[in-house]
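Here is the structure we will look at, set down as structure tokens.
The values are calculated or read from the model by the stated rules, or taken from the named source; none is laboratory data. Bear in mind that the values here come from a model prediction, so they are computed numbers and not experimental data. With ideal geometry, Cβ positions are generated from the backbone for all residues, glycine too; neighbour counts draw on all protein chains shown. Note: accessible area is taken over every heavy atom of the protein model, side chains too, but ligands, DNA and RNA are not part of it. Shrake-Rupley method; radii C 1.70, N 1.55, O 1.52, S 1.80 Å.
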Amino acid sequence: MAFLQTKKKKYSSTKICLFVLLEIKKCKFTNVFSNKSDNNAILKKQTFKKVSNIIKLYSSFVVSRVFKTPINWGKPSSISIEPTTACNLGCPECPSGLKQFTRATGNLKLDLNKKIIDELGAYLSFINFYFQGEPFINPDFLKLVNYASNSGIYTGTSTNAHFITEEVAKKTIESGLDRLIISIDGTTQEVYEQYRIHGTLEKVLEGTRNIVKWKKELQSSTPHVIFQFLVVKPNEHQINDAIQLAEEMGVDEIKFKTAQVYDYKNGNPLIPEQEKYSRYRKKKDGTFVLKNKMSNHCWRMWSGCVITWDGKIVPCCFDKDASHQIGSISEQTFSSIWKSNQYKQFRKSVLSNRKEIDICKNCSEGSKVWT
């Protein structure tokens, strides 16, 4: 606040408040949700403290952008927690699937999950139980979800659905999971396995059927089931087929996601022909550039973070190998990490020269507030 006081001749408190309100008005909050039933599920779990926290976070985010200095008045409203780094597939642009991590492989323990939620739960609107790996490989995965759900937090995850047997599907419904994203990157085995290497499409469809069946059996509105279709060149011709398949399977929604590729400048066989489904734009000289303008701000640096299976705090989901670790909740309190000078310096670098940060260079976020 001392910084703001030094600028009060140029920026009155009234002007700052008006600026904040205008920015909040421009923000498309509904993009956080999927549809009406999903909206209701997350809204039911909001409290005065959580809403107040979001307002504090967003206000400090706007003020930080105005003054080009990192200010944070709240605690995270959403976090990603990594259940495991293990995966059964070998997707070509995934360090988990390619087994290219320099960090250790392991499963999140129940006591660490409890510590995270006990410290942050009162402020959290959303937990995404996913970072790298296949969540259902962790034998305690649904217990992790259940503890968060019983703490009044909206929960989601993303899966390749190979492990969702009837028994697992029933337990998934009973865990209280609110959102389940199922990767469905092809409507035939031949196309599906071109990206989901070692995967079996029929297992994905079987897992989906099991979830849909047990939702009906238990008369549950959750989880909200989303087919996520990662659009790459080998599967882009099946987009309409994927929409039809989603309707036939009885899932709640289908979303099409652009794919991140690491080596894109001179083209990549995964970049789709339809530019609307690509993160990259082809220039006249035949090379590719990221569509994102790479503005010097990113809401994610204020609204949340990622916690790896062993407690490392990293700033965002693009830091897949945890190369920008800012502390460990296994050894420190989260508050001490969140307010640390190291975190402030990272936010400051985002505000000053974001394009020079390695994990930001292939990022599709930042020009938007909610994604």
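Here residue 146 passes the criteria (1) under 20 Å from residue 309 (Cα atoms); (2) touching a strand residue (DSSP E or B) at 6+ places or on another chain (Cβ under 8 Å); (3) open to solvent by 30 Å² or more (accessible area, probe 1.4 Å) except the one numbered (2). Among residues of region 176-191 being part of a loop (DSSP other than H, G, I, E, B) and not hydrophobic (A, V, I, L, M, F, W, C), the one that is farthest from residue 96 (Cα to Cα) is 176. Taking every residue in region 346-362 that is open to solvent by 40 Å² or more (accessible area, probe 1.4 Å) and pairing it with any residue that is among the β-branched types (Val, Ile, Thr) and part of a loop (DSSP other than H, G, I, E, B), at least 6 positions away or on another chain, the pairs with Cβ-Cβ distances below 8 Å are 348/69.
Out of all the residues in region 200-207, is one or more in contact (Cβ under 8 Å) with a residue 60 or more places away in the chain, open to solvent by 10 Å² or more (accessible area, probe 1.4 Å) and within 27 Å of residue 270 (Cβ to Cβ)? No, because not a single residue in region 200-207 is in contact (Cβ under 8 Å) with a residue 60 or more places away in the chain, open to solvent by 10 Å² or more (accessible area, probe 1.4 Å) and within 27 Å of residue 270 (Cβ to Cβ).
Which of the strands (runs of 3 or more DSSP E) found entirely inside region 254-327 contain at least 1 residues meeting this: under 17 Å from the mean Cα position of the chain (by Cα)?
304-307
Please work out if residue 37 is loosely packed, with under 15 Cβ neighbours inside 10 Å and polar (S, T, N, Q). Yes: the conditions hold for residue 37. Of the residues that sit in region 219-233 and are over 18 Å from residue 44 (Cβ atoms) and not charged (D, E, K, R), which one is surrounded by the fewest Cβ atoms within 10 Å (Cβ to Cβ)? Selected residue: 228. Summed over region 177-199, residues that are among the hydrophobic types (A, V, I, L, M, F, W, C) and open to solvent by 50 Å² or more (accessible area, probe 1.4 Å) total 1.
Among the residues making up region 268-294, those that are open to solvent by less than 40 Å² (accessible area, probe 1.4 Å) and within 18 Å of residue 349 (Cβ to Cβ) are 292, 294. The condition of being surrounded by 22 or more Cβ atoms within 10 Å (Cβ to Cβ), acidic (Asp, Glu) and either closer than 30 Å to residue 302 by Cβ or without any contact (Cβ under 8 Å) to a residue 60 or more places away in the chain (or both) holds for only one of 167, 174, 134, 119, that being 134.
Residue check: is residue 309 touching a Phe, Trp or Tyr at 6+ places or on another chain (Cβ under 6 Å), modelled with pLDDT of 90 or more and within 21 Å of residue 338 (Cβ to Cβ)? Considered against the rule, which asks whether it is touching a Phe, Trp or Tyr at 6+ places or on another chain (Cβ under 6 Å), modelled with pLDDT of 90 or more and within 21 Å of residue 338 (Cβ to Cβ), residue 309 comes out as no.
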